[in-house]
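Heads up, the thing below is written out as structure tokens.
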Amino acid sequence: MRLVGKELLAQFAEQHADIRGPLTAWIFEVEEANWTSPADIKARYPSASFLADNTVIFNIKGSTYRIETKVSYEITVVLVKRIGTHAEYSKWS
């Protein structure tokens, strides 16, 4: 998959050192993946949440952090919309 929004992830990781390892692993796995449906994501990330309009929420470092993405299976792109702590995620609308 092509991952769009890595600069947003890098900026967040600068402020939250404890996410760097898990985030690097997640980025690698996403870029190596070939997801064709939500079932492919769920097989690797059972705790991922699937919302309307192909929005997928990934839990990183347990559920300490959340990444909101939009996945386009047809053109094999994962767009990072935002990343935050669990507390910040609770306030996202």
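Every read-out reported here was derived from the displayed coordinates using simple, explicitly stated rules and does not represent laboratory data. Just so you know, these numbers come straight off a predicted model, no measurement behind them. Positions of Cβ are backbone-derived with ideal geometry, glycine not excepted, and every protein chain shown enters the neighbour counts.
If you go through region 9-32 and keep only what is of a type in the set (S, T, N, Q) and either surrounded by 12 or more Cβ atoms within 10 Å (Cβ to Cβ) or closer than 16 Å to SER63 by Cα (or both), you end up with just THR24. Residues being touching an Asp or Glu at 6+ places or on another chain (Cβ under 7 Å) and at negative phi are entirely absent from region 19-41. In summary, strands (runs of 3 or more DSSP E) completely within region 39-92 and bearing 1 or more residues that are closer than 23 Å to GLU7 by Cβ occur at 55-60, 65-72, 77-85. Count of region 37-46 residues, restricted to those that are in contact (Cβ under 8 Å) with a residue 12 or more places away in the chain and either surrounded by 11 or more Cβ atoms within 10 Å (Cβ to Cβ) or touching a Leu at 6+ places or on another chain (Cβ under 6 Å) (or both), is 4.
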